[in-house]
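Heads up, the thing below is written out as structure tokens.
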Amino acid sequence: MASVPMHQGLLLAGILFALGLTGLLVRRNVVFILMSLEIMLNAAGLAFVVAGSRWGQPDGQIVFIFILTMAAAEVSVGLALVLQIYRRFKTLDVDAASEMRG
Amino acid sequence: MDAVFYIAAIVAIVSTVLAITRLNAVHALLYLIVSLLSVAVVFYVMGAPFVAALEVIVYAGAIMVLFVFVVMMLNLGKAATEMERQWQKPGMWAGPSILAAILIGEVAYLLSNPSTLAFGAAVVEPKLVAIQLFGPYLIGVELASMLLLGALVGAYHLGRRTQGKTEK
Amino acid sequence: MFHLVWLIPAFPIASFLVLAIFGTRLSKKAVPLFGVGSIALSAVVSILIMFRFLTSPPPGNHYTQILWTWVDVGGFKPQIAFYLDALSVLMTLVVTCVGFLIHLYSAEFMQEDEGYSRFFAYMNLFVASMCTLLLGNNLLLLFLGWEGVGLCSYLLIGFWYRDPANGLAARKAFIVTRVGDTAMTMGLFLLFDKLGTLQIQDLMHQALLHWAVGSPYAVAAALLLLGGAVGKSAQLPLQTWLPDAMAGPTPTSALIHAATMVTAGVYLIARTHILFSLAPSAQFAVAVVGAATLILAGFSALTQPDIKRILAYSTISQIGYMFLALGVGAWSAALFHFMTHAFFKALLFLGAGVIIESLHHEHNIFKMGGLRKELPLAFWTFLAAGCSLAGLPLITAGFYSKGLIIWDTWSSAQGSHVLWFAAVIGVLLTSLYTFRLIFVVFFGEVKTPVHKRPGLRMMVPCVILAVLSVVGGFLDTPPFLGGVHSFTDFMHLALPVMTEGPAGGMTEILSESFVTLAFLVGLYLAYFFYVQKREYAEKLTAPAIGKALHQFWLSDWGMDWLYERVFVRPIIWIARVDKQDFVDNIYSGMALLTEFCYRGVRKTETGRIRWYAAGIAAGSIIFVAIVLFL
């Protein structure tokens, strides 16, 4: 199989994570924000798998499975919330839902 | 095989960049699926075939399909794209990009003394993963199942149409 | 038998808890069942203990029941323990029995009041505290009861709290007695510091061992305890709270502000009599305070138009007699007068309650009159109590107890002729104001019609107390009238015998004759001014000097006026000046700073998710940076 230095895999994870973060901060559309979250979660999972692969152990993959589970749960609830927001505010602008202002 | 990793990595980064910059949600989703598939390739190269399969089936398959469904339900048309265009002013990218750049810089610095240790030397078989998952991590599996149940109930509750009427 | 002593305070406290927690849910019939029943049980227990004490006294004539150790800190080990000797047994008996009669009376008197259960809760708490005060074997437990009765007094004076004047009277009573209590607390600190214990018997023993007669510590401790006693017993100069305390319901005045609580000071001094014997100057101060109080309060009582205030001043005056007796070392005479006073003064207040109740809450005696025919039973019982108070010779208890004090004032080694003279003048004043009250209220023409007559539950206690006010005196009579000494003998189980001094040409029979003479003069004056020639009484106050004197006495020798100017107003002034000092600025500055920070932080709370996410991202970057570069 491949013999890439481990840090390059981790760097890929870091870049993907940073891209997800950028998307999260920039986009105002709730759907895009959720997508950005997915990118970040995926990047975190990638980092675990890289580490697990480095030691030849299955634990990294197991944690990835857990992250996957969590992402699925989060997306289902998050998308239901998106529908609610759209129904209530007639827009997907996340700044419209800022009623919890201090 | 090294080349496969690098190509897949570049594809992942590019498609992710495109995914977060698209104005149309469906276009963005398609790029995101490409990104996830290329990460799946990376997993496979790293010797984690089981996770690569999961990535394709659950992430690129199920979750993204969910997104597509919702986008279709919302029925966003040209007006939404126009709205996105208004929202996406070039100046808005500056702050988040700087933050992200610093973060990547820090990560790169952390990894700056490259270890000679390579990964992906051996394939971790799905069987091994399964033994571990249902052995020492059993409690985690149980918790994950509870989390999914909670998400199921929550999504069902939030998704009901009648709720808007009763609450207001 | 004696080990049942803990039940005496336990019954009322249990009933207090029931009434305090479930009071509003109990029916009007169940409330007195608890309220009166608990005191009845306590009274039964104390009667049994008294009986046992008389028939087979415990070894050494005292008995201690240790329940548990209250606190154990650095050698300071007060116990929850009850001490029985002749003194505490007698006082507990009087408190529970008189308390029971007054509770029985209240069951009817307070029936229409919306705070029926609250009233009984307070009264039961009072009896429990009073018994703790009397039975406690150490000064700290005594002090607990002491403050407990003070609290109940406060609560009951302000019982009708919707009228701000009652609240004011309650606060006045609380604050003025607190002055005395502060002195007493310091006395307790001093005693513990010097003698290392607060257990009373032990303390007295230590005092005898360590302190010589006239030792400055003994004098200081005795004077500080006297301060507490003066405050609680409304003696000069802290007597001003008691007349105002009449704002409470009448049974309260009868129980707390006449029969029991105000005599706590007498008990305290009698209980620590060894300390006072070691400090002759302090003991003399007790006598002087008593003599001065009985005269001054007597004059004040002469001018009051309010029936309850007359009785209040009379209470102050009679407690003055007890203090006088304590001051001259006539311990048992003081206790004898305490007992008879509890009977007749409680009865006078209960009678006043009957009168006030039947005349639409009328307090002014000059709007009453001719009640002899209207309320015959009330009249006869009131008359019995009044005669006992004034000291009608031969047949009333007051005559024997007061006569004994007056004779002891002359014959005691610590007594003096001036004090004796003051006491005899006091008899004249007592007789004058008592019969003024009786003549004005019960004789003459009817001024306010009677609209309500008391029932059985109110009159039975009155009759019982009337009997006691008469026969209570036969427990101890002078030699020429049978020479019964049962009371004195009983008290001598716990208190020392008075040391007699040179009689100097006076005999007991002569002293009693003077008392009788003073009584008759007072009676005649009252008869002359308030029955024969009513207009003379008004003429007396017509000239400027008479008017001024009347006003002066009416306002209790201007004491309130004086205190208002000497203490209250300067303190209010200082408080007002001190309201804005720099110390406040520190605290208000802190508040301002907090508010400023809050306003700053509030700006970040925009409700925008992306803003929060940016905060999280920036924070994580900083943390990673810290890990990296530090």
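Ranking B:Val34, A:Val63, A:Gly45 by how far each Cα lies toward the positive end of the dipole of the protein assembly as shown (charges on Cβ) leaves B:Val34 at the top.
Across peptide B:150-156, the average count of Cβ atoms from other chains found within 10 Å of a residue's Cβ is 5.
Note on region B:1-64 and region C:451-513: Cα centroid distance 110 Å, given to the nearest whole angstrom.
Treating only the Cβ of Lys, Arg, Asp and Glu as charged (+1, +1, -1, -1), what charge dipole size does region B:2-123 show about its Cα centre? Round to the nearest 20 debye. Please list the in-between numbers first.
Values: 4 positive and 5 negative charges, 67 e Å.
Magnitude of the dipole: close to 320 debye.
Each residue of region C:415-425 was assigned a 3J(HN,Hα) from its phi angle through the Karplus curve 6.51 cos²θ - 1.76 cosθ + 1.60 (θ = phi - 60°); the sequence is x, 8, 6, 5, 4, 4, 5, 4, 5, 5, 4 Hz, with glycine and proline shown as x. Per-residue packing, averaged as other Cβ atoms within 10 Å, sorts the ranges B:59-65, C:397-403 into the order C:397-403, B:59-65, beginning with the highest.
Bridgeable lysines around C:Lys539 (alpha carbons under 20 Å apart, same-chain partners fewer than 8 residues away excluded): C:Lys367, C:Lys547. Max-minus-min Cα coordinates of region C:281-540 on each principal axis give 56, 42, 32 Å, with the largest extent listed first.
For chain C, the equivalent ellipsoid derived from the Cα gyration tensor has semi-axes of 48, 32, 27 Å, listed largest first.
Over chain B, dividing the summed -39,500 (n - 2.57) contributions of all DSSP H runs of at least 4 residues by the number of residues returns a 222 nm mean residue ellipticity of -23000 deg cm²/dmol. In chain C, the calculated helix contribution to ellipticity at 222 nm averages -23000 deg cm²/dmol per residue, counting -39,500 (n - 2.57) for every DSSP H run with n ≥ 4. Quick one: check the C-alpha center-to-center distance for region C:1-50 versus region C:320-352, whole angstrom. Centre-to-centre distance over Cα atoms comes out at 26 Å. Within the straight-line cut-off of under 18 Å between alpha carbons, the lysines reachable from A:Lys90 are B:Lys78, B:Lys165, B:Lys168, sequence neighbours fewer than 8 places apart in one chain being disregarded.
Given only helices, namely DSSP H runs of n ≥ 4 each adding -39500 (n - 2.57), what is the per-residue ellipticity at 222 nm of chain A, to the nearest 500 deg cm²/dmol? Please report the intermediate quantities before stating the final value.
On the way: 3 runs with 78 residues, N = 102.
Computed mean residue ellipticity for chain A: -27000 deg cm²/dmol.
Between B:Gln88, B:Ala12, B:Val58, the Cα set farthest toward the positive side of the dipole of chain B (charges on each charged residue's Cβ, about the Cα centre) is that of B:Gln88. Please state the relative contact order of chain B as a whole percent: Cα pairs under 8 Å, 6+ residues apart? Result for chain B is 20 percent.
Using a 10 Å cut-off on Cβ to Cβ distances, tally the other chain neighbours for every residue of A:46-57 and report the average as a whole number. The partial results should precede the final answer.
Values: counts 7, 1, 1, 11, 6, 1, 7, 13, 7, 5, 8, 4.
Across the residues of A:46-57, the mean count of other-chain Cβ atoms within 10 Å is 6.
A simple count of charges around C:Ser388, restricted to other residues whose Cβ falls under 13 Å of its Cβ and scoring Lys, Arg +1 and Asp, Glu -1, yields +2.
For C:Ser412, the residues 5 or more places off, or on other chains, whose built amide H falls under 5 Å of its own are C:Gly501.
Given R0 = 51 Å, the distance between the Cβ atoms of B:Lys89 and C:Ile586 translates into a calculated FRET efficiency of 0.55. A Cα-only calculation for region C:418-512 places Rg and Dmax at 19.7, 58 Å.
The phi-based Karplus calculation (6.51 cos²θ - 1.76 cosθ + 1.60; θ = phi - 60°) puts the 3J(HN,Hα) values of region C:218-224 at 4, 5, 4, 4, 5, 5, 5 Hz, whole numbers, x for Gly and Pro. The string of couplings for region C:187-202 from the Karplus curve (6.51, -1.76, 1.60, θ = phi - 60°) is x, 5, 4, 4, 4, 5, 5, 8, 10, x, 7, 10, 5, 4, 5, 4 Hz, one whole number per residue in order, with x for Gly and Pro.
Under the classification rounded if a/c is under 1.5, otherwise prolate if a/b is larger than b/c and oblate if not, where does chain A fall, given a ≥ b ≥ c as square roots of the Cα gyration tensor eigenvalues? Prolate.
Do you know the relative contact order of chain C, to the nearest whole percent, from alpha carbon pairs under 8 angstrom that are 6+ apart? Mind dumping the intermediate values first?
Details: 1020 pairs, mean separation 73.5, N = 630.
Value for chain C: 12 percent.
Remark on chain B: Rg and Dmax equal 20.5, 62 Å (Cα only).
Each of the GluC sites (Glu not before Pro) that DSSP puts in a loop and that has at most 11 other Cβ atoms within 10 Å breaks chain C; the longest unbroken stretch is C:115-444.
Assuming 1.306 mPa s and 10 °C, estimate D for the protein assembly as shown with Stokes-Einstein, Rh taken as the Kirkwood radius over Cα pairs, in µm²/s. Intermediate results must be reported in sequence, preceding the final value.
Numbers: Rh = 34.8 Å.
The calculation lands on 46 µm²/s.
Packing-based ranking of B:125-137, C:456-468 yields C:456-468, B:125-137, ordered from highest to lowest mean Cβ neighbour count within 10 Å. Taking every residue in B:75-84 and counting other chain Cβ atoms within 10 Å of its Cβ, the average works out to 2.
Over all Cα atoms in region A:55-102, the spread is summed up by Rg and Dmax: 17.0, 50 Å. Candidates A:Leu16, C:Leu468, C:Gly298 compared by Cα position along the dipole of the protein assembly as shown: farthest toward the positive end lies A:Leu16, with charges placed on Cβ. Rounded to the nearest 20, the size of the Cβ-charge dipole of the protein assembly as shown about its Cα centre is 2280 debye, with Lys and Arg at +1 and Asp and Glu at -1. Within a straight-line Cα-Cα reach of under 16 Å, C:Lys447 can be paired with the following aspartates and glutamates, leaving aside sequence neighbours fewer than 8 residues apart in one chain: C:Asp306, C:Glu357, C:Glu362, C:Glu374. Positive contributions from Lys and Arg (+1) and negative ones from Asp and Glu (-1), summed over other residues with Cβ under 15 Å from the Cβ of C:Trp420, come out at -3.
Ranked by the mean number of other Cβ atoms within 10 Å per residue, highest first, peptides C:407-414, C:266-273 order as C:266-273, C:407-414.
We did not get these values from a lab; they are worked out from the coordinates using the rules stated. What you are looking at is a predicted structure, and each value in this text was computed from that prediction instead of being measured. Quick reminder, even Gly has a Cβ in these numbers, built from the backbone with ideal geometry, and neighbours come from all protein chains shown.
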